[in-house]
Amino acid sequence: MTSARTVLGPDEIGRSLTRIAHEILEANHGPDDLVLLGIPTRGAHLAQRLADRLAAITGDDFGARVGTLDVTMHRDDLRGRPTRASAPTRIPAGGVDDRVVVLVDDVLYSGRTIRAAFDALADLGRARIVRLAVLVDRGHRELPIRADFVGKNLPSARSEHVSVLLAEADGQDAVTIEDAAPEATQEDRA
Amino acid sequence: MTHLLTAAMPRDAAIALLDLAEDMHQIQDRQVKKLPALRGRTVVNLFFEDSTRTRSSFEIAGKWLSADVINVSGKGSSASKGESLRDTGLTIAAMGVDGVVVRSGSSGAPALLADWIGRPVVNAGDGTHEHPTQALLDAFALRRRIHGDAARGKGLDGVRVAIVGDIAHSRVARSNALLLPALGAEVTLVGPPAFLPPGAGPTRLGVRATTDLDAVIAERPDALMLLRVQLERQTGAVVPSAAEYITGWSLTDERLARLGDEARIMHPGPMNRGLEISSRAADADASTILEQVTAGVSVRMAVLYSLLASDHPSSADGGSR
């Protein structure tokens with residue numbers, strides 16, 4: 001039994017999110033048309049934090065430009081796993097048509113969650129551009145998907161388990177990596 | 001959950017289903033009313049009793065989840081040629097369907113079918129026994145009226161619901177009397193003596209029963225659910241006439257005034273306006289009748305998803321049997 005190693009602490013997570021916020025503005029040449037959609041659960045908290053930073057940087061109100069996108073019904077692994085619980089989708093009042101939608105998730109791993117997110121998003125409207133921001137990219141992609149904004153690239157073995165803890169859900173901010181027990185290697189970072 | 005045969009389920013399982021239904025409910029606001037969760041699954045609506053409302057609600061729910069839905073009605077099917085329920089069920093299962101939604105006039109038919117065919121079975125109403133998705137949609141509509149968009153995770157704690165009508169023969173009343181108290185609600189059953197379960201005082205379901213609707217209205221319940229009166233089905237002298245029923249147990253305009261504006265008015269439909277409910281009551285702002293219909297699709301989506309999406313549905317969620 002090995003213990004979890006912390007690879008990002010609260011300060012580093014905060015700095016990563018601030019940098020990503022600036023990178024989003026830089027890539028978009030400003031805040032126009034930006035909509036942030038977090039993938040529940042932790043991606044939704046990260047999207048809210050990014051929206052707070054974007055508001056602080058630009059002075060714009062991002063309250064009506066951040067939402068959540070649940071991808072449960074679009075996953076490709078529903079059959080093989082125990083029944084998955086869903087989460088709310090909250091789309092900002094302006095919708096996603098012709099917007100620059102930044103999808104936000106905590107860990108990018110196989111890419112399958114993001115593929116499901118593309119399908120979920122397409123059913124809600126036609127975004128002009130879709131971008132992807134993640135706090136951690138741990139590699140091992142199974143689909144041709146990459147992130148536009150990455151907090152930290154974290155080389156990992158498939159047998160390892162990467163956890164993102166956020167104060168909103170877990171009471172603290174941290175990214176940890178640990179050797180998972182054999183039966184837990186299929187943890188839900190799909 | 002492997003089948004949905006009864007509304008008797010633990011509070012956590014009920015809230016999980018209602019929360020899932022909340023997420024499904026969002027599809028109502030969308031242009032593309034289609035989710036791919038049950039793509040490639042086939043659901044048979046096996047209806048031995050007529051029911052346009054429940055059957056089309058299940059059909060829409062299945063289709064919005066991308067399942068293929070086939071309707072088999074009792075009339076004109078081999079059941080009317082003398083085939084047994086077991087053979088009908090085994091025949092349908094042998095075609096490779098993934099789940100069966102069954103409505104039957106015989107209490108207990110869905111439970112038998114569930115044992116025989118080895119596929120998930122949903123009870124869409126069996127005789128005078130149960131109608132679990134109706135109770136779930138009633139709970140959903142009531143919870144949403146009370147809590148709005150903040151309904152997720154909540155029960156119906158302390159909510160006082162009176163159910164009025166032919167309690168003894170009503171599967172809707174029975175399923176609600178099982179589900180609503182599990183969610184924390186206080187249920188009172190109201191009806192003419194011949195329509196109440198035998199024996200005075202608390203019923204075997206553990207809820208209060210009374211013949212005095214006016215006393216219940218004076219208590220200002222949070223919701224009043226009127227059941228459809230089926231006087232045409234009742235024969236013999238034990239049953240009151242329509243006029244007698246209206247005098248004692250109808251939600252008339254006069255009773256509506258005493259009920260006040262706060263109490264939600266519920267009805268599982270189809271309504272007999274002027275018999276168990278006045279038109280003014282049915283169309284009042286406090287009426288949740290059309291919301292209940294909308295909720296029916298969301299709740300049935302949640303049930304079909306829970307039963308059919310996974311090949312290995314967790315048994316940890318209470319497994320409603």
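The values are calculated or read from the model by the stated rules, or taken from the named source; none is laboratory data. Predicted model, so just to flag it, every value in this text is computed and none were measured. As a convention, Cβ positions derive from the backbone with ideal geometry for all residues, glycine included, and neighbour counts pool all protein chains shown.
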Among B:Asp138, B:Asp98, B:Asp115, B:Asp166, which is the only one that is among the acidic types (Asp, Glu), on the phi < 0 side of the Ramachandran plot and at pLDDT below 95? B:Asp166
Subset of the stretch A:12-65, residues assigned to a strand (DSSP E or B) and touching a Lys or Arg at 6+ places or on another chain (Cβ under 8 Å), comes to A:Leu34, A:Val35, A:Leu36
Tell me which residues, restricted to the stretch A:69-84, are within 16 Å of A:Gly43 (Cβ to Cβ) and more than 7 Å from chain B (Cβ to nearest Cβ). A:Leu69, A:Val71, A:Thr72, A:Arg75, A:Arg84
I need the strands (runs of 3 or more DSSP E) fully contained in the stretch A:68-167, keeping only those with at least 3 residues that are buried (at least 17 other Cβ atoms within 10 Å of the Cβ) and among the hydroxyl-bearing types (Ser, Thr, Tyr). none
Hits in the stretch B:24-44 - residues which are surrounded by 20 or more Cβ atoms within 10 Å (Cβ to Cβ), touching a residue at least 60 places away in the same chain (Cβ under 8 Å) and out of contact with any Phe, Trp or Tyr (no Cβ under 9 Å at 6 or more places or on another chain): B:Arg41
If you go through B:Glu276, B:Glu254, the only one that is in contact with a Phe, Trp or Tyr (Cβ under 8 Å, 6 or more places away or on another chain) and more than 22 Å from B:Ile146 (Cβ to Cβ) is B:Glu276
Filtering the stretch A:15-48 for residues that are under 26 Å from A:Glu178 (Cα atoms) and either under 15 Å from the mean Cα position of the chain (by Cα) or surrounded by 15 or more Cβ atoms within 10 Å (Cβ to Cβ) (or both) leaves a count of 13
Step by step: first the residues of the stretch B:4-57, then only those that are within 14 Å of chain A (Cβ to nearest Cβ) and in contact with a Pro (Cβ under 8 Å, 6 or more places away or on another chain), then the one that is farthest from B:Arg145 (Cα to Cα). Which residue is that? B:Leu4
Yes or no: the stretch B:66-73 includes at least one residue that is under 22 Å from the mean Cα position of the chain (by Cα), small (Gly, Ala, Ser), assigned by TED's automatic domain parsing to the domain that holds B:Val299 and over 17 Å from B:Val121 (Cβ atoms). yes
Can you tell me which of A:Asp97, A:Asp77 is over 19 Å from A:Leu50 (Cβ atoms) and in contact with a Gly (Cβ under 6 Å, 6 or more places away or on another chain)? A:Asp97
Any residue in the stretch A:141-161 that's over 17 Å from A:Val7 (Cβ atoms): show its pairings with residues that are in a strand (DSSP E or B) and of a type in the set (Lys, Arg) at Cβ separation under 6 Å, as long as the two are six or more apart or on different chains. A:Asp148/A:Arg131
Could you tell me which residue of the stretch A:1-11 is farthest from the chain's Cα centre (by Cα), considering only residues that are outside any helix (DSSP H, G or I) and of a type outside the set (S, T, N, Q)? A:Met1
Criterion first (acidic (Asp, Glu) and not in a loop (DSSP other than H, G, I, E, B)) does B:Glu49 satisfy it? no
